[in-house]
1. In the set A:Ala396, A:Ala392, A:Ala419, A:Ala443, which member is in a strand (DSSP E or B), more than 30 Å from A:Glu140 (Cα to Cα) and among the aliphatic types (A, V, I, L, M)?
2. Is it true that A:Asp100 is more than 18 Å from A:Tyr319 (Cα to Cα) and not in a strand (DSSP E or B)?
3. Considering each residue of segment A:197-207, count those that are of a type in the set (D, E, K, R), more than 13 Å from every other protein chain (Cβ to nearest Cβ) and crowded, with 18+ Cβ neighbours inside 10 Å, and give that number.
4. How many residues does segment A:347-364 contain that are outside any helix (DSSP H, G or I), at the interface with another protein chain (Cβ under 10 Å from one of its Cβ atoms) and over 17 Å from A:Val306 (Cα atoms)?
5. Among the residues of segment A:142-166, how many are more than 20 Å from the chain's Cα centre (by Cα) and either charged (D, E, K, R) or at pLDDT below 95 (or both)?
6. Hey, does segment A:99-111 have a residue that's touching a Lys or Arg at 6+ places or on another chain (Cβ under 7 Å), aliphatic (A, V, I, L, M) and at pLDDT 95 or above?
7. What is the residue count in segment A:275-310 for residues that are part of a helix (DSSP H, G or I) and of a type outside the set (Val, Ile, Thr)?
8. Only residues that are touching a helix residue (DSSP H, G or I) at 6+ places or on another chain (Cβ under 6 Å), within 14 Å of chain B (Cβ to nearest Cβ) and not in a helix (DSSP H, G or I): list them for segment A:49-84, please.
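The values are calculated or read from the model by the stated rules, or taken from the named source; none is laboratory data. All of these numbers come straight from a predicted model, not from anything done at the bench. Backbone-built Cβ (ideal geometry, glycine too); neighbour counts: all protein chains shown.
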Amino acid sequence: MSTATKNQAATDGSLKIVQDATCTFCGCVCDDIDLSVKDNHIVEAKRACVLGKSWFFNHYVDQRPSCLISGRPASIEEGIERAAKILAGAKYPIIYGLSDTTCEAQRIAVGIGDWIGGNVDTTTSVCHGPSGMAFQGVGEVTCSLGEIANRGDLIIFWGSNPAESHPRHFTKYSLMPKGMFLPNGRKDRTCVLVDVRKTKSAKAADIFLQIKPRKDFEALWILRALAQNLSLDPAEVEDETGVPLSAWQDLMGRMKQAKFGVLLFGMGLTMTRGKHLNSEALLALVRDMNAYTRFVAKPMRGHGNVTGADNVVSWQTGYPFGVNMSRGYPRFNPGEYTTADTLARREADAAMIIASDPMSNFSQAARERLLAIPYISLDPKETPTTRGATVAFTTATYGINTAGTVYRMDDVPIPLRPAFDSPHPSDFEILSGIERRVKALKAAVRL
Amino acid sequence: MSELFVLIPGRTSKQGCGISEGKFTDAYQSETTILQICPKDMQRLGLNEGDRVRLSSETGQVEVAVTAAKGDELPPGVLFIAYGDLSSRLMGGDTHGSGMPTSKGLDVALEKIA
């Protein structure tokens, strides 16, 4: 394998090939990308989608200093010392982000959260966090993407637009592959799209059901009723969902007749009013369908290692996100310990943001609070969040500059095969340094 | 005179590429500051490509340029904008005990800026 050529600086104009590199832009985590690297720049990314190509081609090594304190260049050691003092001295420190870094770095971040008695939360809380709550309520009938490729004969996408958010999902996993039990690939599958918008994904579907906005919960419960052969009022169903009862009946007929049904759901469910109740309805429908046939559900995960974040935080604390360590043991309570809330309610008094950009993505109230407190950022690129940080570390990009492990959206761990070295430290190195200093500072307080 | 719509912020290919190209690039800024409206609604409201409108939610207000959604991608009464700074400014801070602010299906008032 070409990774044996590990990271020699390709600055002499020679071409280095990295086979089976892993793209960490989205949750598909495609690990079949062949990279051509010249002068520390990726010039070709075979098999990468439009998002993957943009991910690989736009990673020049950032010329910013590896550490800025209050906007001024500083040594990494000074940055680590300042960061540790901010976190160790806070009353309610929070750690947030983590979905675009390695599992190894995530593990250290959870350790820091434990030492400082703070919150550990990931971008899951503003992604499929509501689905994480629903898993605890209903359970998850699940499978790997490989099983979908080999068995899935009815593929339903609900509130998800993979054509734009996960471009290779159709070709690599869900629609096009010729599988063990689907020798004719796409011809052996039926694809249904349920969404408010007729997105670019509609072209890939055999059936498109355009529902009214904010009516996912009602539509899913209509399907649950139809699964039980209950009679429903056609006028009421169409008025409520925007889709005729006959179309829902047709879909239920297909679901019962499928040999291996798959419901892949996106943030159309979790970000819309109802949130975890929408996800619960979908998971309950899938559970119900197993009385008739094999049926599974999978959330479409966005960031490259957001699934790893769920796994690592769960191993370490027992909960996937929104965890508080202030009593010396982990407590889980979305809405109380989640970052959108602790910032908007002005509770957090210090923060460490790892590989995430809440200054672009959070509510105005949350952003104002973050800007008002001391915080540390770790990010390979400059973002509105890094610009406002008290201590801003420029770090190496995971998967392109650093090795490690990430989890695909179906909880399958995938190794990273980096393309070239970065002059900047990895998240793992910075976090390990902060953890060492935080431990020392906390031990000194106990003495 | 304003009119109520349902706003759905979401991912687009260009917005996704823009994250890698850099959030301060023109491409990302342009993609995340253009509002898509169903052509029928544009015609009814007398809006032309590039006209600017004010969107107001319970918690925020932004000004954006409009463009007609392609084909029948959007039904009447529904607006779309790529995820970004502006869409987030219309979200409230309350997560209703879920950790997730309501980020899609937002009630907004749309008003043409003269």
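1. The unique qualifying residue is A:Ala392.
2. Taking the combined requirement at face value, the residue satisfies it.
3. Counting residues in segment A:197-207 that are of a type in the set (D, E, K, R), more than 13 Å from every other protein chain (Cβ to nearest Cβ) and crowded, with 18+ Cβ neighbours inside 10 Å gives 0.
4. 2
5. Of the residues in that region, 3 qualify.
6. Looking through segment A:99-111, none of the residues is touching a Lys or Arg at 6+ places or on another chain (Cβ under 7 Å), aliphatic (A, V, I, L, M) and at pLDDT 95 or above.
7. Summing the residues that are part of a helix (DSSP H, G or I) and of a type outside the set (Val, Ile, Thr) in segment A:275-310 gives 16.
8. Selection gives A:Asn58 alone.
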